[in-house]
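Take a look at the structure set out below.
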Amino acid sequence: MPMRMTFHGAAREVTGSCYLVESAGLRFLVDCGMFQGGKAAEIKNRHMPSFDPEAIDFVLLTHAHIDHSGLIPRLVNLGFRGPVYCTSATADLLHVMWPDSAFILEKEAEWRNYAKHKRRGELKGEAAPLYTVAQAQAALKRLERIDYDQDFRPHARVRACFRDAGHILGAAIAEVWLQDGERTVKLVFSGDLGMPGRPLMNDPAPVEEADYLLVESTYGNRSHKSYEATLHEFVGALNETLVHKKGNVIIPSFAVGRTQEILFLLTEFIREGRIPTHTAIFVDSPMATEATEITLRHRAELDVDGRELLAWTRGNGGGPYIRFTESVEDSMALNKISQGAVIISASGMCDAGRVKHHLKFNLPRPECSVIIAGFQAQGTLGRKLVDGARGVKIFKEWVPVRAGIYTLGGLSAHADRDALLAWLGRFKQPPRTVFVVHGEEETAIGFADAVRKRFDWPVEVPVAGAVYVLEGGKARFEGIP
C-alpha cells in the first residue's frame, strides 16, 4: 500500500485542521481540530471523525487552539487510545482549554434542550454535546510532552521534531521523517506560523527541506498593515473612545495568545505615556486568566521584549491597573461601567463566551468602540461586525450597531503573504509537492498561485476529504472517498 495523506479539515477553509497519514499499516494524525463558524461547522463536527479512531497510532498536535486541537477529546471518547504528542506549554494550555470547550458544549446542548422543551413541551431527540467535561479530562491523559528541537520517536518507523512556530505559546512546526519501505520520506506541517517581529513570541523557526510540505495560508492573500501604523491606530482608537467620547472599549480576544499580546501592548502604551496611566483594564475570561498565568510560567519561551516588559512591571509596583474577573457576578458588574473601561473578553470571533454580553450592552452606544484584532471566520458574529452589519442577533435579540468598529489587521498572530513567502524562501531545495491549507478557498488558491510564481514549485490546494498518494515524486490526487 503506497503512502497516503487525507485532508479531513482546514482544506479550502481556515478551521478544522486534521490530516491523516497512512503507510503500510501505520496511521497517524497531525492535528484534530474543531470546525468553527455557524451551523455548517456544527454539522461537520458531528460527522467527525470520518475514520476509525481505534486505528490511529498517535497524534502530533501543532498547538492548543481549538481549531487544531478541539476534536481530540471526541476522538478519545470514540476509541482512540494512542498518545498525543505536543510541547509542554501546549499541554498546560490544553488542561484549561479542553475542559472549557467541553463546558461550553454542555451549556449549548442544555440551552437547546431547554428551548426545545419550552417550545414543544417534550425532549424527543434530546441534544447531546460533542463531548463532556469528564471526557475532556480523560483525553488529557493522552498527552505526551516534548521540548522544542528534541527528536522523538512516536513509532518505530517515525522520527519527529517540533520547531517554534512563533504563533502562540507552545505552537510548533512539525517535522516528520517516515520510513516507508526502503525510503525515508520527510513531511513538514507548518501548523500556524506567527508574524515575524511581533511582541512576546519568537519568529518562526526556519525549515530547509521537505519532500512534502503543508503550509498554512490564513492571510496568504494580503500584507498586514505595518506594525507601527497598527499601533498608531490602536492608540488612536483607545484615546478617541476613552478620552474624547468617554465610552468603553470592547476587545473580543482569543484567550490564548491574543489576550496576552493585547495586555503587553496596553502596558507598553501606558509605560510610554501614549494612553492615560489610569486606564482600567479588565480581562473577563476565566480561560484567559489561566492562560496568562501559564504564559508567565513559560516566560523563558517569550522573546526579549516580552521578558523585559515583565521585568519593568515587577519594578513598577506591578504596572498598570489590570483586573482579572473571577466570577459571573464580576463579569456582570462590568456592564454597569459606563465609561473608561477596556474590556478584553473571549471568544475572539464573538460567537461564544462572555464577550457576547459586553457586545450586547455596548454595541448600541455610539460613544463606545469594538476593536477587532484577529481573524474572523465566515459566518461568525465577529465577521458580521467587520463586514459592516448595522445590527446583529445576540442571544436571539436584535442589537443595533452604533459603536465604532475598528479592525487592526497588523496585530494578527498569523504570518501574512510576504512573511509566508519569506519562510518558504528558506528552503534549500524544492519540495516534491506543497499543499496549501488553512485558508479560505479564494485565499488558498491565490496563495498557491503566488508560490508557483515565486518558486516554480508543484502546488496543490486540496479540497475537504481529498486523498493524495505520496509515491516519491509529485503527490498524485487519488480521489475523495
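The values are calculated or read from the model by the stated rules, or taken from the named source; none is laboratory data. Here the structure is a predicted model, which is why all the values come from computation and not from measurement. Methodologically, a virtual Cβ is constructed for each residue, glycine included, from the backbone with ideal geometry; neighbour enumeration extends over all protein chains shown.
State whether the residues of region 194-215 include one that is over 21 Å from the mean Cα position of the chain (by Cα) and in a strand (DSSP E or B). Yes, because at least one residue in region 194-215 is over 21 Å from the mean Cα position of the chain (by Cα) and in a strand (DSSP E or B).
A single member of ALA377, ALA333, ALA341 is closer than 29 Å to ASN221 by Cα and aliphatic (A, V, I, L, M), and it is ALA377.
Residues checked against (1) hydroxyl-bearing (Ser, Thr, Tyr); (2) farther than 21 Å from LEU408 by Cβ; (3) in contact (Cβ under 8 Å) with a residue 24 or more places away in the chain:
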{"residue": "SER226", "(1), (2), (3)": "yes, no, yes"}
{"residue": "ALA229", "(1), (2), (3)": "no, no, yes"}
{"residue": "GLU240", "(1), (2), (3)": "no, no, yes"}
{"residue": "VAL243", "(1), (2), (3)": "no, no, yes"}
{"residue": "PHE254", "(1), (2), (3)": "no, no, yes"}
{"residue": "MET287", "(1), (2), (3)": "no, yes, yes"}
{"residue": "LEU310", "(1), (2), (3)": "no, yes, no"}
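Checked across region 435-446, the condition of being assigned to a helix (DSSP H, G or I), of a type in the set (Ser, Thr, Tyr), within 30 Å of LYS474 (Cα to Cα) and in the same structural domain as VAL207 (by TED's automatic domain parsing) holds for at least one residue. ALA237 fulfils the conditions (1) outside the structural domain of CYS368 (by TED's automatic domain parsing); (2) in contact with a strand residue (DSSP E or B) (Cβ under 7 Å, 6 or more places away or on another chain) except for a single criterion, (1). Checking each residue in region 49-70 for being part of a loop (DSSP other than H, G, I, E, B) and farther than 15 Å from VAL30 by Cβ picks out SER50, ASP52.
Of all residues in region 388-415, those satisfying the criterion of being surrounded by 14 or more Cβ atoms within 10 Å (Cβ to Cβ), in contact with a Gly (Cβ under 9 Å, 6 or more places away or on another chain) and either modelled with pLDDT of 95 or more or over 30 Å from ILE173 (Cβ atoms) (or both) are VAL399, VAL401, ALA403, GLY404, ILE405, TYR406, ALA415. Of all the numbered requirements in (1) in contact (Cβ under 8 Å) with a residue 40 or more places away in the chain; (2) surrounded by fewer than 22 Cβ atoms within 10 Å (Cβ to Cβ), GLY439 misses one, and that requirement is (2). Exactly one residue out of GLY247, GLY315, GLY236 is loosely packed, with under 14 Cβ neighbours inside 10 Å and at pLDDT 95 or above: that is GLY236. Would you confirm, using the coordinates I've provided, whether ALA444 is surrounded by 14 or more Cβ atoms within 10 Å (Cβ to Cβ) and either over 23 Å from PRO206 (Cα atoms) or out of contact with any Lys or Arg (no Cβ under 8 Å at 6 or more places or on another chain) (or both)? Taking the combined requirement at face value, the residue does not satisfy it. Among the conditions (1) touching a residue at least 60 places away in the same chain (Cβ under 8 Å); (2) surrounded by 18 or more Cβ atoms within 10 Å (Cβ to Cβ), the only one that HIS155 does not satisfy is (2). Note on region 40-49: among residues that are touching a residue at least 40 places away in the same chain (Cβ under 8 Å) and out of contact with any Lys or Arg (no Cβ under 9 Å at 6 or more places or on another chain), the one that is surrounded by the most Cβ atoms within 10 Å (Cβ to Cβ) is ALA41. The conditions of being in contact with a Gly (Cβ under 8 Å, 6 or more places away or on another chain), closer than 30 Å to ALA10 by Cβ and either surrounded by fewer than 23 Cβ atoms within 10 Å (Cβ to Cβ) or not hydroxyl-bearing (Ser, Thr, Tyr) (or both) are met by GLY220. Annotation for region 460-474: at least one member residue is assigned to a strand (DSSP E or B), of a type outside the set (Lys, Arg), crowded, with 21+ Cβ neighbours inside 10 Å and at pLDDT 95 or above.
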